[in-house]
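Worksheet: the structure to be examined is printed underneath.
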Amino acid sequence: MSEIQFLHIADIPEPPDGYTLAASSVSNAGTGLFLFVDEQKMSQIIARYEDAGGASFPETKVSDGAAAQFVEVAENTVMRTALSGIDVTFPMIDRFPDGRILVAGSRAAHHGDGTYDLNGMVFAPDGRHSRRILLGDGIAKLACDGHGRIWVSYFDEGVYGNLGWGGTDEAAPIGASGLVSFDGDGRVFWEFAAVGADGVPRYIDDCYAINVGTERVWIYYYSDFDLCEIDGAFHCRLVGTELEGCHGLAIHGTGVLLTGQYGDDLDVGYLGTISDGRLTDIRRVRLAIPGLEPEEHVQFIGRGSTLNLFHRGKWFQHDMALLPA
């Protein structure tokens with residue numbers, strides 16, 4: 001089995017005194033992004049509760065909000081921005097092309113009285129809090145593209161409803177389509193709608209992987225296990241695959257790199273070629289990530305031709321553009 005080498009790009013910066021790492025990401029510009037929060041608030045940021053039936057759900061708010069440091073790593077430069085009032089849980093982060101900072105909670109409750117959690121926080125480049133926006137419950141992944149649009153993918157609870165969403169038109173899940181594009185002010189202007197070559201509409205039950213580039217977005221979703229390209233005019237192109245359960249992808253030309261299927265070890269991946277609406281010439285490869293143990297959990301972040309991950313204090317990346325032709 002051939003190997004796909006992941007290179008060490010940079011170390012994750014050390015947290016400031018009294019802070020701990022809460023989120024990591026990679027921007028559309030290729031910089032590493034890190035959110036460090038007041039360590040005394042971390043237990044609230046990842047807090048869960050049990051309902052009467054014993055089911056576990058995440059809390060959606062942090063009391064009083066937390067102080068935070070947003071850190072961006074670009075080549076040999078480390079830029080730090082102080083933030084305050086971070087009150088979302090299980091946060092995700094990105095930076096807009098104009099320098100604004102996005103911090104979003106993965107969960108947002110609908111309270112049944114016409115109110116709901118505004119789980120997106122948009123900060124000015126200097127860290128001043130500028131506005132709150134609604135991005136919906138059940139966020140799987142999010143990223144900003146080169147035009148400042150926010151792309152949000154949703155897992156099944158965000159698609160079908162939970163935490164008060166669903167059941168009425170007033171509480172219809174924001175993520176019912178599985179993939180939504182927002183402008184920088186939180187207004188919805190596009191939702192996933194694709195039709196297969198057979199003329200049958202396709203639906204997302206759970207968006208497993210997303211890759212947001214400057215001009216194009218790719219997703220891989222359950223239950224069809226199709227790839228879908230969304231171009232700059234929001235046209236959808238479906239690519240069928242025989243792979244099931246992958247959670248990360250990178251794209252270069254007609255080449256596709258996907259992470260492992262259901263039941264695969266963490267260091268398994270698949271390389272394929274897009275041809276006539278299918279992923280063809282699929283071969284199993286080993287993702288050679290220094291120090292990775294098969295039983296560990298990491299999040300893969302696809303950005304155009306690169307597949308990134310953060311592991312044991314380090315940032316690793318594989319760039320498909322560097323593969324031999």
Notebook entry, point to check: From the list Ile251, Ile274, which residue is in contact with a Phe, Trp or Tyr (Cβ under 7 Å, 6 or more places away or on another chain) and either in a strand (DSSP E or B) or under 29 Å from Ile150 (Cβ atoms) (or both)?
Noted result: Ile251
Note to self: If I filter the range 94-133 down to residues being buried (at least 17 other Cβ atoms within 10 Å of the Cβ) and of a type in the set (Asp, Glu), which single residue comes out as farthest from Glu215 (Cα to Cα)?
What the structure shows: Asp117
Item checked: Answer residue from the range 281-307, given it is more than 23 Å from Ile219 (Cα to Cα) and small (Gly, Ala, Ser) and is modelled with the highest pLDDT among those -> Ala288
Notebook entry, point to check: For the range 72-93, how many residues are within 20 Å of the chain's Cα centre (by Cα) and either buried (at least 22 other Cβ atoms within 10 Å of the Cβ) or closer than 11 Å to Met121 by Cα (or both)?
Noted result: 7
Margin query: I'd like the full set of residues that are without any contact (Cβ under 8 Å) to a residue 40 or more places away in the chain, outside any strand (DSSP E or B) and either within 21 Å of Leu309 (Cβ to Cβ) or polar (S, T, N, Q) (or both), limited to the range 26-42.
Written below: Gln40
Note to self: Quick check on my filter: what residues within the range 116-130 are part of a loop (DSSP other than H, G, I, E, B), on the phi < 0 side of the Ramachandran plot and small (Gly, Ala, Ser)?
What the structure shows: Ala124
Note to self: Please count how many residues of the range 120-151 are within 19 Å of Phe189 (Cβ to Cβ) and out of contact with any Cys (no Cβ under 9 Å at 6 or more places or on another chain).
What the structure shows: 17
Next item on the list: Hey, could you check the range 15-42 for residues that are over 12 Å from Val71 (Cβ atoms) and of a type in the set (A, V, I, L, M) and say which is surrounded by the fewest Cβ atoms within 10 Å (Cβ to Cβ)?
Entry: Ala29
Note to self: Looking only at the range 45-67, how many residues end up being in contact with a helix residue (DSSP H, G or I) (Cβ under 9 Å, 6 or more places away or on another chain) and farther than 21 Å from Trp165 by Cβ?
What the structure shows: 5
Notebook entry, point to check: From the set of residues in the range 169-207 that are closer than 20 Å to Met121 by Cα and small (Gly, Ala, Ser), which is surrounded by the most Cβ atoms within 10 Å (Cβ to Cβ)?
Noted result: Gly175
Note to self: Restricting to the range 127-186, name every residue that is over 16 Å from the mean Cα position of the chain (by Cα) and among the aromatic types (Phe, Trp, Tyr).
What the structure shows: Tyr160, Trp165
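Results for (1) touching a Lys or Arg at 6+ places or on another chain (Cβ under 8 Å); (2) of a type in the set (Val, Ile, Thr); (3) not in a strand (DSSP E or B), shown as yes or no for each residue.
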position	(1), (2), (3)
Gln44	no, no, yes
Val62	yes, yes, no
Val73	no, yes, no
Ser84	no, no, no
Asp87	yes, no, no
Leu102	yes, no, no
Gly114	no, no, yes
Check: So is Ser2 under 30 Å from Ile282 (Cα atoms) and over 22 Å from the mean Cα position of the chain (by Cα) or not?
Finding: yes
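The values are calculated or read from the model by the stated rules, or taken from the named source; none is laboratory data. What you are looking at is a predicted structure, and each value in this text was computed from that prediction instead of being measured. Reconstructed Cβ throughout: ideal geometry from the backbone, glycine too, with neighbour counts over all protein chains shown.
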